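A.B. asks: Have a look at the structure that comes next, please.
The values are calculated or read from the model by the stated rules, or taken from the named source; none is laboratory data. Here the structure is a predicted model, which is why all the values come from computation and not from measurement. Cβ atoms come from the backbone with ideal geometry, glycine included; neighbour counts cover every protein chain shown.
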Amino acid sequence: MLPLADTQFVEATWIMVAKSIVIFAVIFGILPVLTVVERKLIGRFQHRYGPNRVGPFGILQPLADVGKLISKESFRPENAVSTLFILGPLLPVLSGVLALAIIPWGDVQMGVGFYGIDVPIGILYFFAVGSIAFYGLLLGGWSSGSKYSLLGAMRSAAQLISYEVSMGLALLGVIMMSGTLSLVSIVNSQGSIWFVIPQFVGFGIFLLAGFAETNRTPFDMPEADAELVQGFMTEYGGMRFGSFLLVEYMEILVVSAIAAAMFLGGWMGPGPSFLDPIWMLLKTLALVMLFIWVRATLPRLRYDQLMTLGWKVLLPLATLNVLVTAVLVATT
């Protein structure tokens, strides 16, 4: 029997293994569907067709993409650092998988927690495992032996560090209001009001920082295919290239799920308790649709605009939000 942090109950090892399998099966089942949905939606947003050739309405396009990537040669440049070049795509995948463990899909029901683990330092755990992906992008770009890849890696390092500070400060207001770092406890503390209402500034900052952390338009400077070919991924091919794309969608899901748990009441919604995971999934997918909408709408920023927004706008605004929240929490 294994104790689960501060949940005040124990679960059998087989239950934890079963939960892990279910969570990963659902998430990895959603990821390929998201690729088709995104391409379809962006096509409609931009008045053109999305995938419509492979399978009914193009829904089998992910299978064609995977088959194409698997069949491609796993190329490595002669001047690449082979060990680090191979390690580059693995670290972001590891980061995304570890982050899925703390997503709360529901409360404890019949002695089973509807989450992987509930650790008392849940938010710190999220930032700790998220930083692993940073090393993967940096190592992958530097070890490729390409100037395009190196420039993409440098941009990635500057961008992730800049916006991670604002992202952490955006969540600090919620942490002060709930008095805990556990995601499960934070969701439970939103029984009377969702934190998106008193913390609407923090919610907006978190989403903007989330766009940058996931390298999504208009913050996709580390890739910047129009000027850096494909940025830190330029020299990768086959499934190593596919791993970076997989991680991008996984990170979008993780960031959206964290935002749903921290600001939108997590699994809370009308109806019986067995609907809790459905509500959490719907809120997460709604935020994922926002990521797609923004990508289809906004152009890429210049690099100086990206840094200016991060350090001169989001960081002071997030700091001010924390100070105001601290005053209100201390005086009420």
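A.B. asks: When you scan the range 320-330, do you find a residue that is closer than 30 Å to Gly116 by Cα and either touching a residue at least 24 places away in the same chain (Cβ under 8 Å) or buried (at least 22 other Cβ atoms within 10 Å of the Cβ) (or both), even just one?
C.D. replies: Yes, there is a match, as at least one residue in the range 320-330 is closer than 30 Å to Gly116 by Cα and either touching a residue at least 24 places away in the same chain (Cβ under 8 Å) or buried (at least 22 other Cβ atoms within 10 Å of the Cβ) (or both).
A.B. asks: Considering only the range 42-87, state which residues are on the phi > 0 side of the Ramachandran plot and in a helix (DSSP H, G or I).
C.D. replies: Those that are on the phi > 0 side of the Ramachandran plot and in a helix (DSSP H, G or I): Phe57, Gly58.
A.B. asks: Against the condition over 24 Å from Leu246 (Cα atoms), touching a strand residue (DSSP E or B) at 6+ places or on another chain (Cβ under 8 Å) and either part of a helix (DSSP H, G or I) or free of Cβ contacts under 8 Å to residues at least 60 places away in the same chain (or both), how does Val174 come out, does it pass?
C.D. replies: No: the conditions fail for Val174.
A.B. asks: Just checking, does the range 128-145 include any residue being outside any helix (DSSP H, G or I), at pLDDT below 85 and touching a Pro at 6+ places or on another chain (Cβ under 9 Å)?
C.D. replies: Checking the range 128-145: at least one residue is outside any helix (DSSP H, G or I), at pLDDT below 85 and touching a Pro at 6+ places or on another chain (Cβ under 9 Å).
A.B. asks: May I ask you to verify whether Ser166 is in a helix (DSSP H, G or I), within 30 Å of Ser146 (Cα to Cα) and among the polar types (S, T, N, Q)?
C.D. replies: In short, no.
A.B. asks: From (1) more than 28 Å from Met16 (Cα to Cα); (2) modelled with pLDDT of 85 or more, pick out the condition that doesn't hold for Ala99.
C.D. replies: The one condition Ala99 does not meet is (1).
A.B. asks: List pairs: first residue in the range 112-125 and farther than 11 Å from Ala99 by Cα and in contact (Cβ under 8 Å) with a residue 60 or more places away in the chain, second residue buried (at least 20 other Cβ atoms within 10 Å of the Cβ) and among the acidic types (Asp, Glu) anywhere in the structure, Cβ distance under 7 angstrom, at least six positions apart or on different chains.
C.D. replies: Once the first residue is farther than 11 Å from Ala99 by Cα and in contact (Cβ under 8 Å) with a residue 60 or more places away in the chain and sits in the range 112-125, its partners that are buried (at least 20 other Cβ atoms within 10 Å of the Cβ) and among the acidic types (Asp, Glu) give Phe114/Asp276.
A.B. asks: Scan the range 41-74 for residues that are in contact with a Lys or Arg (Cβ under 9 Å, 6 or more places away or on another chain), surrounded by fewer than 14 Cβ atoms within 10 Å (Cβ to Cβ) and under 28 Å from Gly141 (Cβ atoms) and jot them down.
C.D. replies: Within the range 41-74, just Ser74 meets the criteria.
A.B. asks: Next up: Tell me which helices (runs of 4 or more DSSP H) are completely within the range 239-332 and hold 3 or more residues being more than 19 Å from the chain's Cα centre (by Cα) and β-branched (Val, Ile, Thr), or say none if there are none.
C.D. replies: Helices (runs of 4 or more DSSP H) meeting the threshold: 315-331.
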